[in-house]
Amino acid sequence: MIVLDQENKIFTLHTQNTTYQMKVDQYHVLEHIYYGARIDNRDLSGLIKCGERSFSPNPDEAGRNRDYSLDVMPQEYSTCGVGDFRLPSIELELPGGSHTADLRYEGFHLEKGKYKLVGLPGFHGMENEAETLVVLLKDSAARIAVEMYYGVFEDFDLITRAIRLVNEGTETIRVCRCASLCLDFTRSDLDLITFNGHHLMERCLDRGPVRPGIQSVGSVRGISSHQHNPFVMICDHDADEDRGMCYGAMLLYSGSFEAAVECSQYENSRLVMGIHPYHFCWTLEPAGTFTAPETAMVCSPDGFGQMSRQYHKAIRKHLLRDPYQYERKPVLVNNWEATYFDFDADKLVDIAREAADLGIELFVMDDGWFGSRNDDNSGLGDWQVNREKLPGGLEALVPCVKDLGMKFGIWMEPEMVNEDSDLYRAHPDWILRVPGRAPSRGRGQLVLDFSRKDVRDHIYDQMKAVLDSADISYIKWDMNRSLTDVWSAGLPAGRQGEVYHRYVLGVYDLLERLHCDYPYILIEGCCGGGGRFDGGMLYYTPQIWCSDDTDAIDRLRIQYGTSFCYPVCTMGAHVSAVPNEQNGRFTPLETRGITAMSGAFGYEMDLGKCTEEEKRKIRCQVETYKKHYNLIHDGDYYRLSSPFQDSSYTAWEQVSAGQKEALVNVVMGCTHSAPPFRTLRLKGLNPSFQYQVDGIGETYSGGELMKSGYPLPQIRGDYPAFQIYLKAVG
Ligand code: DGJ
């Protein structure tokens, strides 16, 4: 609910459990007043205190009032070079050469439903689902307008923000920085939580206190990256899964980004998040506009678990798009780890046949089916079937797979090209490359200049020819390197600072075209696994391959970190063979199944090599997954332990709406002889319901399971795992 106090110029955004308030002050500056647990509509600006502070300048309008300084007041969108020395949200290069921005309130308006951004991903909401407030700020000297969009999704405690700049002057302005989010706190006794890692180990949680000065994470790789995720949290020092105030901030962007927190001299904190300013400079002609990507904030006064569940529900309902918001996604088998580049049609059909017999529904042909692609040094860019490997082409292969009762999916890496390809030979000027420099290769490949429409059109035409040639239900959209040599032949020298962002817009443009032309094709995002696992991609690709690391034990950490913001249904997760291809570890098939089942489930192994006993288990896993699909994907997700804190076991749980069913998943660490007897306290159940344990028949009350806990069985062997399905009875 958006509440306006027009007389006092106060804007209050209420969600079910939270309140966000801003107020225009006596000098027309938009102050950030409050964000936290829900309170009533009163003016909370009394919370903001100010007094004279040396070396903190006073704006001209303040006259002799030295108590007022932009340097100490909490801002809704911080400025630059005019008195606030903390992290700026905006930096402009004005025609005269100055780098300043000074913003004052001009007005507001309301819109029905959730605002939409042109060319950028965003949450969506109809009139009865969301509200929009637009607050207008202006820099009268620079003649620039800043439209600040707020989308309020009451039921999800979700507030989205976006920024649109308009050049209202007659001269060209250069935008050097335009953050998507600025969030000021009048305290600094807070922790910062970030999600970091590398290829094969993404989104590992790191937590530490907000310290004096600036702490930041980000990416200058042109992708959101394996190294840092564009989702961060700020919380009370003692906040945990169930208690304490925490704030999530998610940037819906798939390129270079920065999330920075500054603890300032008077122990205030500021979080600023947006496109990374490295090599960013956008030319804004008179009447030109620039839109910064959306951010989505969830505040939870009741710990991390509640914040995550709100994000999960909001992403499922208001970020993913029809038809894959709720439609059940097929269990898939992917041939990558089974064959790598070494396959022919018979081998693929054999895997598909085995898979169909086990209840698997989609066969995905991974890398190696096109051009001259027999290893990763050639072929990218030539999206035509390699007839030496697949003589009958897709026209012959796809019907064979479909005759087995399966759908067919295909791998592509549209943004890339190998030098050894017909595309590169014909268009060597289509890549990102700095004149006079030989571009760096990554995995032996170069990056196509997706900021250029002619390049995208050519790739789209090739993709279309493939998609129209056979009945294809799924695309794995891969991307296997970071961007370097970022320079486009399509832009003049003075606009090269736009290329990183225009590249991302180009990727979104092509994905949107595919979405419009082939709405039923499920696109799984992939960037060497989880190098572009972000809210921006999720708008176009409702599931993302979580990591190239398929080891179940490593996946516990990766999926745990990912779950803080992103729902289970978005995390591509497969059972692979042992010893694991990435780390050589042996884990039981049950453990691999249970871990992957809390994701967009599939297999990535040569099923023909499985024993009859293994096949029996796989059939059973597929049945279990299908049976509990709604519970796993739409249920409330509870982290019961952290793989970063307790190495003896990792447990998590899904609880259905109405609390009638729950699925508890437990993976033990290395076992020891004579281990202690332990109990596992469950969460989210109805204390007065009686729950029966499936297969065992024992009954416990919800209260008992949550307070005294469920006795963990003692099982032998390395990394055993089990699932407990609970159903309310009576
Ligand atoms: C990286 C992906 O993450 C893998 O799953 C696989 O598709 C390879 N690329 C293929 O080159």
* Accessible area of the stretch 1-160 belonging to carbon and sulfur atoms, whole % at 1.4 Å probe -> 47
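Between Ala489 and Gln384, what is the FRET efficiency for a Förster distance of 25 Å, r being their Cβ-Cβ separation, to the nearest 0.05? Please list the in-between numbers first.
On the way: r = 25 Å, r/R0 = 1.02.
Computed FRET efficiency for Ala489 and Gln384 comes out at 0.50.
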* Structure fact -> When the charge dipole of the stretch 16-89 is computed with +1 at the Cβ of Lys and Arg and -1 at the Cβ of Asp and Glu, the Cα pointing farthest to the positive end, of Asn65, Asn41, Leu30, is that of Asn41
* To do: For Arg321 and Ala426, compute 0.36 nm times the residue count separating them, minus their Cα-Cα distance, and round to one decimal in nm.
  => 34.1 nm
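Enter the accessible area per residue of the chain (Å², integer; probe 1.4 Å; all protein chains in place). Present the calculation step by step, with values, prior to reporting the outcome.
Details: 26780 Å² over 730 residues.
Normalised by residue count, the accessible surface of the chain is 37 Å².
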* Filter the GluC sites (Glu not before Pro) in the stretch 24-73 down to the DSSP loop ones having no more than 15 other Cβ atoms within 10 Å, then list what survives. => Glu52
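For the chain, what does the helix formula give at 222 nm: sum of -39500 (n - 2.57) over DSSP H segments with n ≥ 4, over the residue count, nearest 500 deg cm²/dmol?
On the way: 13 runs with 139 residues, N = 730.
For the chain, the value works out to -5500 deg cm²/dmol.
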* Taking +1 at the Cβ of each Lys and Arg and -1 at the Cβ of each Asp and Glu, which of Val232, Cys299, Ala600 sits farthest along the dipole of the chain towards its positive end, judged by Cα position relative to the Cα centre? -> Cys299
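Given N residues in the chain, what is Rg(Cα) / (2.2 N^0.38 Å)?
Values: Rg = 26.5 Å, N = 730, 2.2 N^0.38 = 26.9 Å.
Compared with the compact-globule rule of thumb, the chain sits at 0.98.
Over the chain, what relative contact order in percent results from Cα pairs under 8 Å that are six or more residues apart?
Numbers: 1800 pairs, mean separation 71.5, N = 730.
Across the chain, relative contact order equals 10 percent.
What does the net charge come to around Ile173 if you take all other residues with beta carbon closer than 15 Å to its beta carbon, with K and R at +1 and D and E at -1?
Working: positive: Lys138, Arg143, Arg164, Arg174, Arg177, Arg495; negative: Glu91, Glu93, Asp102, Asp139, Glu168, Glu171, Glu285, Glu498.
Cβ neighbours under 15 Å give a net charge of -2.
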* lysines whose Cα lies under 26 Å from that of Lys660, excluding same-chain neighbours fewer than 8 positions away -> Lys313, Lys317, Lys329, Lys626, Lys627, Lys683, Lys707, Lys727
* Provide Rg over Rh for the stretch 657-720; use the alpha carbon set for both Rg and the Kirkwood Rh (inverse mean inverse pair distance). => 1.01
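I'm checking a number: the convex hull volume of the Cα atoms of the stretch 378-517, normalised per residue, in Å³. What is it? Walk me through the intermediate numbers first.
On the way: hull volume 15.6 nm³, N = 140.
Per-residue hull volume (Cα only) is 111 Å³.
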* Asked: If packing is taken as the mean number of other Cβ atoms within 10 Å per residue, what is the order of 605-612, 674-681, highest first?
  -> 605-612, 674-681
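Ignoring ligands, DNA and RNA, what percent of the accessible area of the stretch 268-371 is carbon or sulfur (1.4 Å)?
Looking at the stretch 268-371 in its full context, I get 45 percent from C and S.
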* To do: Please compute the net charge surrounding Gln384, taking Lys and Arg as +1 and Asp and Glu as -1 over other residues with Cβ under 14 Å from its Cβ.
  => -2
* Structure fact -> Quick calc: nm separation of the 7 Å Cα→Cβ label points for Met126 and Ser469 -> 4.1
* **Proximal lysines to Lys453, defined as alpha-carbon separation beneath 20 angstrom and excluding residues fewer than eight positions away on the same chain** => Lys464
* Cβ crowding within 10 Å averaged over residues, with 210-216, 349-355, 127-133 ranked highest first -> 349-355, 127-133, 210-216
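Could you give the C-alpha radius of gyration of the stretch 124-220 expressed as a fraction of 2.2 N^0.38 Å, taking N as the number of residues it contains? Each step should come with its number before you reach the end.
On the way: Rg = 18.2 Å, N = 97, 2.2 N^0.38 = 12.5 Å.
Expressed relative to 2.2 N^0.38 Å, the Cα Rg reads 1.45.
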* Asked: Which net charge results when you count Lys and Arg as +1 and Asp and Glu as -1 among the other residues whose beta-carbon is under 13 Å from that of Thr79?
  -> -3
* Structure fact -> Taking r as the C-beta separation of Arg716 and Asp350 and R0 as 25 Å, the FRET efficiency to the nearest 0.05 is 0.10
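The values are calculated or read from the model by the stated rules, or taken from the named source; none is laboratory data. None of these values were measured; they are calculated from a predicted model. With ideal geometry, Cβ positions are generated from the backbone for all residues, glycine too; neighbour counts draw on all protein chains shown. Note: areas computed on protein heavy atoms with side chains; ligands, DNA, RNA excluded. Shrake-Rupley method; radii C 1.70, N 1.55, O 1.52, S 1.80 Å.
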